[in-house]
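The values are calculated or read from the model by the stated rules, or taken from the named source; none is laboratory data. Here the structure is a predicted model, which means the values were calculated and not measured. Calculation scope for accessible area: heavy atoms of the full protein, side chains included, ligands and nucleic acids excluded. Shrake-Rupley method; radii C 1.70, N 1.55, O 1.52, S 1.80 Å.
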Amino acid sequence: MDDMGNMHKGTINFLHQLRTVLAYHNEIGIESYPKDSHVSTFLDLEFQAQAPAPVSKATTQVQTRKESEQISKKSLVTLSNIAGEVAVCHACELHKSRMYPVAGRGNDAARLMIVGDWLVGGEGAFPPGQTFGVAQEQMLNRMLTAINLPQVDVFITNVIKCAIPESCQPQANHVLSCSSFLRRQISVIKPEVICTMGMIAARAVLDRPHSLSQLRGKFHDYALDGEHSIPVLTTYHPTYLLRNPEMKVATWTDLQTLAKRMGLQPVAT
Ligand code: SF4
């Protein structure tokens, strides 16, 4: 078809669209138009609305990639949002004793989520990023090295997200108030395995009244949603192990169970 033929076809299409729009306007009670330049703008907009420009395959691929990037960023933002909420939380009376907020440490792709009880703030503040305490984290790092799990694969947090003085003891109502932060972190990270360390952590995650000695050493289920669950192993908190070193043997047995579940090869026995 030559240029003249193309132009003729374009004119017929335009007149057809114009007739459709005028018929529609007539139906909804528009019988006349203002005689100024705005009418052409208005009609152009009508056509654009009725006939969106075709989207090329390349444009669709770029949009899909941008959407994936946005979903990925959304996960990161969600963890950071939770930390932001923790920093200003007044949901329970522990905020009055808060020495500093402790949302947790790690990234949203962590394979293992370690959940402790709470951080006892000392006289001098811990270095930034401490979640369990200096000596406790040194012990924890040795444990992770022993089961051959890189720290980048671990997210560490506590049930109680405020570091509080030794004189404060979290109560059941504080755990209840703070647990929503933990549940949201678990939903964002969706770790392969959760390891609770300490009595409060075990009860908060598993919602069971049993003692730690009854719960430890075997896997339990954390219901992520109606269809999925995450295996949970419970063991002792490093603070307890520092005071009761004889319990390290039992904890090492627990860690080997954890390593086996995650397909890791422990480097020490
Ligand atoms: Fe909020 Fe938890 Fe701190 Fe209570 S302990 S004030 S619920 S962050």
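Residue 108 contributes an accessible area of around 30 Å² to the protein surface, as traced by a 1.4 Å probe with all chains present. Heavy-atom accessible surface of residue 228, to the nearest 10 Å², is about 100 Å², with a 1.4 Å probe and all protein chains retained.
Roughly how many percent of the accessible protein surface of segment 135-269 is carbon and sulfur, given a 1.4 Å probe and a whole-percent answer?
51 percent
Across segment 156-168, computed HN-Hα scalar couplings (Karplus, 6.51 cos²θ - 1.76 cosθ + 1.60, θ = phi - 60°) run 10, 8, 10, 5, 8, 8, 10, 6, 10, x, 4, 6, 8 Hz from first to last residue, x flagging Gly and Pro. Residues 253, 78, 145, ordered by accessible area of protein heavy atoms at a 1.4 angstrom probe radius and largest first, appear as 145, 253, 78. Based on protein heavy atoms only, segment 174-224 ends up with 44 Å² per residue of surface accessible to a 1.4 Å probe.
Each of 137, 93 has its accessible area taken with a 1.4 Å probe; listed largest first, they run 93, 137.
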